[in-house]
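A short write-up of the structure that comes next.
The values are calculated or read from the model by the stated rules, or taken from the named source; none is laboratory data. Small disclaimer: the values here were computed from a predicted structure and weren't measured. Virtual Cβ from ideal backbone geometry, glycine too; neighbours counted across all protein chains shown. In case anyone asks, the SASA skips ligands and DNA or RNA and just uses the protein heavy atoms, side chains included. Shrake-Rupley method; radii C 1.70, N 1.55, O 1.52, S 1.80 Å.
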Amino acid sequence: MPSLRALLKPADPSLLVVLPLAGLALQSAERLGVYLNAAATGTNPFRAARHTWRLVGTHLDQGTFAPLGRFAEYLTHGVALEADESLSLAPHAVLGAVRLALVAVTAVLAAALAVARDRDLTVRKPTWPELASMA
């Protein structure tokens, strides 16, 4: 089992790239999107899933299809506003922390998948004649 340090090593470059973006102020459509998405779905994941499902047809008509991204966006904005109200922080600061956490989790998952794939490739697999003789 690889250590946590070995799993976090691939996350270092990603975090270095995303770290400066964490404190950026919200820009253009994102400014309103945080409040509109949170008003539409709140922090209820079932409500966010229902809202996303209803918009699938609209997105397909427009030529885009990103329901998982929309679902994640609705949940992220809802949680960010709840944390914003609880901690008295600006929404961009909370979203920056959420973005950093998501990048770290994604990098750790990617590293764990790479380690599992590498481990799977090092295990010797039986050949067809060996499999046939087992039957």
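A few notes on this one:
- Among the conditions (1) modelled with pLDDT under 75; (2) open to solvent by less than 40 Å² (accessible area, probe 1.4 Å); (3) closer than 28 Å to A111 by Cα; (4) not β-branched (V, I, T), the only one that G96 does not satisfy is (1).
- Checking each residue in region 56-78 for being buried (at least 16 other Cβ atoms within 10 Å of the Cβ) and not charged (D, E, K, R) picks out F71, Y74, L75, T76, H77, G78.
- When we screen V56, V98 for residues that are without any contact (Cβ under 8 Å) to a residue 60 or more places away in the chain and closer than 30 Å to R5 by Cα, the only hit is V98.
- Residues satisfying the stated conditions in region 58-113, i.e. more than 12 Å from the chain's Cα centre (by Cα), over 20 Å from G33 (Cβ atoms) and of a type in the set (S, T, Y): S86, S88
- For region 79-89, filtering for residues that are open to solvent by 50 Å² or more (accessible area, probe 1.4 Å) and under 16 Å from A101 (Cβ atoms) leaves 4.
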